[in-house]
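Beneath this line is the structure, given in C-alpha cells, with notes to follow.
Values quoted throughout were computed directly from the atomic coordinates according to the rules given, and no laboratory measurement underlies them. In this text the structure is predicted, and so the values were computed from the model without any measurement. We place every Cβ from the backbone using ideal geometry, glycine too, and count neighbours over all the protein chains shown.
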Amino acid sequence: MIESTVATLGSSTLADGGFWKTLFFRGSGQATYSKDVDFLFMSIWWLSVVCFLGLMSLMVFFVIKYRRRPGVPAMQSKAHNTPLEIAWTVIPTIIFVFIFFGGFYAYAKQHVAPGNSLKIDLTAKKWNWNLIYPNGASSTELTRLNGVDVPIFMIPEDTPIELQMTSTDVIHSFWVPDFRMKIDVIPNRYTNYWFQAEPLKEGETSRDHWVFCAEYCGDNHSEMGAILRVVSKEDFAKWLKEPFDGAMPLADVGKVLYGTKGCASCHSVDGSANTGPTWKDLYGSDSTYADGSTATMDANQIRNSILDPSSQIRQGFTNQMPTYQGQINAREMAALIAYMRTISANAPASDIGQTWGETAPEDPNAATGN
Ligand code: CUA
C-alpha cells in the first residue's frame, strides 16, 4: 500500500504527438484545454519554420543572383511597390490576429474553472505538496522517484477539478507539464488551478502525471514533486470512501504522513545527515539543544518539536523548520510518533510491538480533517 510503482506516465510515444511535439513536450497535452495550447504552440512553431526557411532561402538566392560582378552595373532598386507593401502588411496582420485570439481563447479556457468542478484544497510548503479532499481525506500512498519519496494523489478521470491553493511559507508554483499549465502558490492568499484529465484509454487502469514546483523555494526545491494518478470515477469514489486511516496501523499512517507532510524533505530515517536531525533511533534518545540543555525525546518532546520547532533547536542545526501548528490533527500527531517509535532502537521495549493502541481509534473528526 505504501510503496507503489509508477504506472505509465502520461503519453510519451511518437504516435501520440508526432516527432516535434514529443521532442518539445514528451507527448500530447493531457487536460481538456491542453489541445488548444498544443495547437497554438505547434502552429507558431511551423509558422516560424516556414518563415525562417523561406527568408533564408530567399536571402541566399538574392546574394548569389545579385552579387557584384566585374563589368555588370548595379541594378536600380524600385522605391515603391504598392501591391507588395499591402501584401506584407495584411498577411502578417491576419496571422498575428489569429495568434492573439488563439492565445486569448486558450488562456481564458485555462483560467476559468467550470462551476461544477470538484474543489480540492492544496497546501504547499517547503518542500512538499498536500491535497486535502472535501471529506478530509489525503494522500495515502508514496512512491520513490529518483531517490525522493513523493505522494500520489488520486484524481478522477474526465472530471473538472479545481485546486484551491495556498502556501504556508514561501512562493511555490504548481506545475503539471502534461496539462501545460503552472500557477504560483502564494502564502496568505488562494490561487486556483483547474484541469480536466483526459478519460482513460481502453484497458488503462490509471495514468500518472508528474507534478513539479516551478518556483525556486530553497534547498530541496528540485525534490518538491508529486504524482497525480488519474483513475476511473468508480475507483476514485471507492478510494475516497475507504476509511483508509482507521484500517491502517497507526505507525503505517505515520510512515505515509512522514512523506506527505513534508518531514521527509529534512529528516532521514536511515541515520543520514540532512537539514534536520535523522529520525532513526531518535525516539527515546537524549538530545542536546543549542542552549546546552538536554532532554529525552519522548512523545511530548517530539510533539513540541513539531508544533513549536524554534523553541528547541538541536545543537548543530539551524532554525529551519516551519511550525505545524494547525496543520496536523491529533491522530496525525499520534501516528507520526508511533512511526518514530518503530524506527528507534531507543524506544522503550514496552513500547515496541504493542499491537493494541497502534491502530487508530474511531476519530470523530476524521470527516472534517480537524
Ligand atoms: Cu516549492 Cu520550489
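At the listed q of 0.10 Å⁻¹, the Debye profile of segment 195-354, built from one uniform point per Cα, gives log10 I(q)/I(0) equal to -0.48. Among THR296, THR159, THR168, the largest mean-square fluctuation in a Gaussian network model of the chain, built with springs joining Cα atoms closer than 10 Å, belongs to THR296.
Cross-link partners of LYS78 among lysines, defined as those whose alpha carbon lies under 25 angstrom from its own and excluding same-chain residues fewer than eight positions apart: LYS65.
Remark on segment 280-325: Rg and Dmax equal 10.0, 26 Å (Cα only).
How large is the convex hull of the Cα atoms of the chain per residue, expressed in Å³ as a whole number?
Looking at the chain, the number lands at 212 Å³ per residue.
Per-residue ellipticity at 222 nm computed for the chain from its helices equals -10500 deg cm²/dmol, with DSSP H segments shorter than 4 residues left out and the rest contributing -39,500 (n - 2.57). Of interest is the spacing of the C-alpha centroids, which for segment 90-123 and segment 66-88 amounts to 43 Å. Summarising the strand pairing of the chain, around 70 percent of its internal DSSP beta bridges are antiparallel. When the chain is treated as a Gaussian network with alpha carbon springs shorter than 10 Å, the biggest mean-square fluctuation among ILE155, ILE99, ILE183 belongs to ILE99. Residue exposure proxy: HIS221, HIS172, ordered by other Cβ atoms within 10 angstrom of their Cβ from fewest to most, comes out as HIS221, HIS172.
Straight-distance candidates among the lysines for linking to LYS119, with alpha-carbon spacing under 17 Å and chain neighbours fewer than 8 residues away dropped: LYS233, LYS241.
Taking the Cα atoms only, what angle lies between the long axis of helix 330-342 and the longest principal axis of the chain, rounded to 10 degrees? Long axis of 330-342 versus the principal axis of the chain: about 80 degrees.
Helix 34-65 and the longest principal axis of the Cα set of the chain meet at an angle near 40°. Among ILE186, ILE227, ILE86, the residue with the largest mean-square fluctuation in a Gaussian network model of the chain, with springs joining Cα atoms closer than 10 Å, is ILE86.
How much space per residue, in cubic angstrom, does the convex hull of the C-alpha atoms of segment 154-246 take up?
122
Taking 22 Å as the straight-line reach from the Cα of LYS35, the lysines in range (excluding those fewer than 8 positions away in the same chain) are LYS21, LYS109, LYS182, LYS201. Counting other C-beta atoms within 10 Å, and keeping those with at most 12, which DSSP coil trypsin sites (Lys or Arg not before Pro) do you find in segment 33-112? For trypsin sites (Lys or Arg not before Pro) across segment 33-112 that sit outside H, G, I, E and B with at most 12 neighbouring Cβ atoms in 10 Å, the list reads ARG67, ARG68, LYS78.
Taking the longest Cα principal axis of the chain as reference, the axis of helix 14-25 is set at about 90 degrees.
The 3J(HN,Hα) values that the Karplus relation (6.51, -1.76, 1.60; θ = phi - 60°) gives for segment 203-209 are, in residue order, x, 8, 9, 7, 9, 9, 10 Hz. Gly and Pro appear as x.
Extension gain for THR288-PHE61 works out to 73.9 nm (0.36 nm per residue, less the C-alpha to C-alpha distance).
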